[in-house]
Amino acid sequence: MILPSGLWRMGVMLAIPGFGTAEARNHGAGLDLYLILLFVISEALGLLTLGLVQPWGEAVPRWIPLLGGRRIPPLAAVVPAALGALASTGVVYYFFLSILFAGFPPGHTTTEEIILTVCYLPLLAWGPLLGSVTYAYYRRRTSRQGPHTHTPTPTPSP
């Protein structure tokens, strides 16, 4: 869900027609660095989300020096993930609502508007889905029995 917006940014950086305005495609190295950093950071944070559904999100992988094998406190994952869900929801919804009510900024062609919309549209689901996965992680990690505890079924008495 994050990748299409990152690919759009790379299209702007590489000056591919249809990605960004002509002015944005005639940019300097500063914008290139910004777009690369934004791409790398957003993709890395997106991959960190896998920790909410993978075993390495409950314990530090053993190969990490000094910390390997230690359990991760649930709130150490829940708080940043919840803040990320709120922030990404707010930013993306603000972006789309501003376009809906005020239109695209001047200088965009219809093709550029369509490509940008298609690339950023999946982000509308990202924040709410991240919030759902965060809540599921919290519930799983803070339940009384824990994620791997098995409750025996009572056997019928004769």
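The values are calculated or read from the model by the stated rules, or taken from the named source; none is laboratory data. Keep in mind it's a predicted model, so treat the numbers as computed, not measured. Here Cβ is always computed from backbone atoms with ideal geometry, including for glycine, and neighbour counts include all displayed protein chains. Note: areas computed on protein heavy atoms with side chains; ligands, DNA, RNA excluded. Shrake-Rupley method; radii C 1.70, N 1.55, O 1.52, S 1.80 Å.
Looking at 68, 51, 103, which is the one that is without any contact (Cβ under 8 Å) to a residue 40 or more places away in the chain and touching a strand residue (DSSP E or B) at 6+ places or on another chain (Cβ under 9 Å)?
Being without any contact (Cβ under 8 Å) to a residue 40 or more places away in the chain and touching a strand residue (DSSP E or B) at 6+ places or on another chain (Cβ under 9 Å) holds for just one of 68, 51, 103, which is 68.
Looking only at region 111-132, decide whether some residue is at pLDDT below 85, farther than 16 Å from residue 81 by Cβ and not polar (S, T, N, Q). Within region 111-132, not a single residue is at pLDDT below 85, farther than 16 Å from residue 81 by Cβ and not polar (S, T, N, Q). With respect to the conditions (1) surrounded by 11 or more Cβ atoms within 10 Å (Cβ to Cβ); (2) modelled with pLDDT of 95 or more; (3) of a type outside the set (Val, Ile, Thr), residue 42 lacks only one, and its number is (2).
Is it true that some residue in region 98-109 is under 20 Å from residue 133 (Cβ atoms) and out of contact with any helix residue (DSSP H, G or I) (no Cβ under 6 Å at 6 or more places or on another chain)? No: region 98-109 contains no residue that is under 20 Å from residue 133 (Cβ atoms) and out of contact with any helix residue (DSSP H, G or I) (no Cβ under 6 Å at 6 or more places or on another chain). Is it the case, given these coordinates, that residue 4 is open to solvent by less than 90 Å² (accessible area, probe 1.4 Å) and under 22 Å from the mean Cα position of the chain (by Cα)? In short, yes. Applying the criterion of at least 1 residues that are charged (D, E, K, R) and open to solvent by less than 40 Å² (accessible area, probe 1.4 Å) to the helices (runs of 4 or more DSSP H) found wholly in region 52-145 leaves 110-120, 123-142.
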